[in-house]
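Shown next, in structure tokens, is the structure this report addresses.
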Amino acid sequence: MRIDIITVVPELLQSPFQHSIIKRAQEKGLVEIHLHNLRDYTDTKYRQVDDYQFGGGAGMVLQIEPIDKCISKLQLERDYDDIIYVTPDAPVLKQSTANSLSLHKNIIILTGHYKGVDQRVRELFITKEISIGDYVLSGGELAAAVLCDAIIRLIPGVLGDETSALTDSFQDGLLAPPVYTRPAEYKGLKVPDILLSGNFPKIEEWRHEEAEKRTKKIRPDLI
Ligand code: 6GU
């Protein structure tokens, strides 16, 4: 899979992809991530890519021309399955969205900053809009990092144990059950006996029940 990210703050997107699972996914050749600085696609003085909004109001808006130039250049080189704009005024990211995006070959992610992008960008180029939750971040870069992480870990071969993504919270519509490791007792707090029993069908049953209990308590909206 190839992911092209268009941003005015590429620095914000460097570290998130340089560690752990996402780093190894790139080393294994399972994903390529390319950052594009929107300011490289303008000839204007001071490399300005934003301007005041028509009609007045606080906040700058990213202009269509540099975005057009950047996306058009990328589209000359390959076809894209989706051109995604990350923005708080969009449907919220779900595990099912990440699942289907992980099957794509090439995607572009456009990140907004300031007040967002000129509406015509959304109408002309964007095929999918995604928010990562009901709160506002100062820019779309961290949201793009979250989205990429959610997608990349699902690409076959990225996680060592192929089944581990399948037992994530949300994969079956439930939160994950509690997990424990050694020691079996710590300051009087014991690991549930069932997990030490070696009875794997019973353990699976227990985990499912705990997942249901947890979901009912913390996220009843998921039931
Ligand atoms: Cl995608 N961008 C920004 N700026 N804030 C957000 C968001 C995105 N998703 C939730 N809040």
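The values are calculated or read from the model by the stated rules, or taken from the named source; none is laboratory data. Just so it is clear, the structure is predicted and the values come from calculations on it, not from any experiment. Quick reminder, even Gly has a Cβ in these numbers, built from the backbone with ideal geometry, and neighbours come from all protein chains shown.
Mind checking whether some residue in segment 142-151 is part of a loop (DSSP other than H, G, I, E, B) and surrounded by 16 or more Cβ atoms within 10 Å (Cβ to Cβ)?
no
Name, by its number, the condition in (1) away from the ligand (no atom under 16 Å from the Cβ); (2) part of a loop (DSSP other than H, G, I, E, B) that does not hold for Lys115.
All conditions are met except number (1).
Read through the list (1) under 17 Å from Glu141 (Cα atoms); (2) at pLDDT below 95, then give the number of the only condition that Gln14 fails.
All conditions are met except number (2).
Mind counting the residues in segment 38-57 that are surrounded by 15 or more Cβ atoms within 10 Å (Cβ to Cβ) and touching a strand residue (DSSP E or B) at 6+ places or on another chain (Cβ under 7 Å)?
Count: 4.
Is it the case, given these coordinates, that Leu103 is farther than 23 Å from Glu27 by Cβ and either surrounded by fewer than 20 Cβ atoms within 10 Å (Cβ to Cβ) or away from the ligand (no atom under 14 Å from the Cβ) (or both)?
No, not satisfied.
Just checking, does segment 73-80 include any residue being touching a Pro at 6+ places or on another chain (Cβ under 8 Å) and surrounded by 15 or more Cβ atoms within 10 Å (Cβ to Cβ)?
Checked against the condition, which is being touching a Pro at 6+ places or on another chain (Cβ under 8 Å) and surrounded by 15 or more Cβ atoms within 10 Å (Cβ to Cβ), segment 73-80 yields no hits at all.
Which numbered condition in (1) crowded, with 18+ Cβ neighbours inside 10 Å; (2) not assigned by TED's automatic domain parsing to the domain that holds Asp89; (3) not basic (Lys, Arg); (4) not in a loop (DSSP other than H, G, I, E, B) is the only one that Ile130 fails?
Result: Ile130 fails condition (2) only.
Hey, among the residues in segment 182-223 that are closer than 18 Å to Asp168 by Cβ and not in a helix (DSSP H, G or I), which one's modelled with the lowest pLDDT?
Ile223
Residues checked against (1) hydrophobic (A, V, I, L, M, F, W, C); (2) within 16 Å of the ligand (Cβ to nearest atom); (3) within 16 Å of the chain's Cα centre (by Cα):
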residue: Glu32; (1), (2), (3): no, no, yes
residue: Asp50; (1), (2), (3): no, yes, no
residue: Lys73; (1), (2), (3): no, no, no
residue: Ala90; (1), (2), (3): yes, yes, yes
residue: Ala98; (1), (2), (3): yes, yes, yes
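Tell me which residues, restricted to segment 58-106, are farther than 24 Å from Val136 by Cβ, in contact with a strand residue (DSSP E or B) (Cβ under 8 Å, 6 or more places away or on another chain) and not in a helix (DSSP H, G or I).
Correct list: Arg78, Asp79, Tyr80, Asp81, His104, Lys105, Asn106.
Go through Leu35, Leu30 for me and flag whichever is in the same structural domain as Lys69 (by TED's automatic domain parsing) and closer than 26 Å to Asp68 by Cα.
So the residue among Leu35, Leu30 that is in the same structural domain as Lys69 (by TED's automatic domain parsing) and closer than 26 Å to Asp68 by Cα is Leu35.
Please go through segment 119-155 and give me each residue that is away from the ligand (no atom under 16 Å from the Cβ), of a type outside the set (Lys, Arg) and touching a residue at least 24 places away in the same chain (Cβ under 8 Å), ordered by number.
Hits for segment 119-155 are Leu124, Phe125, Ile152, Leu154, Ile155.
With the checklist (1) over 30 Å from His34 (Cα atoms); (2) modelled with pLDDT of 95 or more in hand, flag the one item Asp172 doesn't pass.
(2)
From (1) touching a residue at least 60 places away in the same chain (Cβ under 8 Å); (2) surrounded by 11 or more Cβ atoms within 10 Å (Cβ to Cβ); (3) in the same structural domain as Gln48 (by TED's automatic domain parsing), pick out the condition that doesn't hold for Val158.
Val158 satisfies all of (1) touching a residue at least 60 places away in the same chain (Cβ under 8 Å); (2) surrounded by 11 or more Cβ atoms within 10 Å (Cβ to Cβ); (3) in the same structural domain as Gln48 (by TED's automatic domain parsing) except (3).
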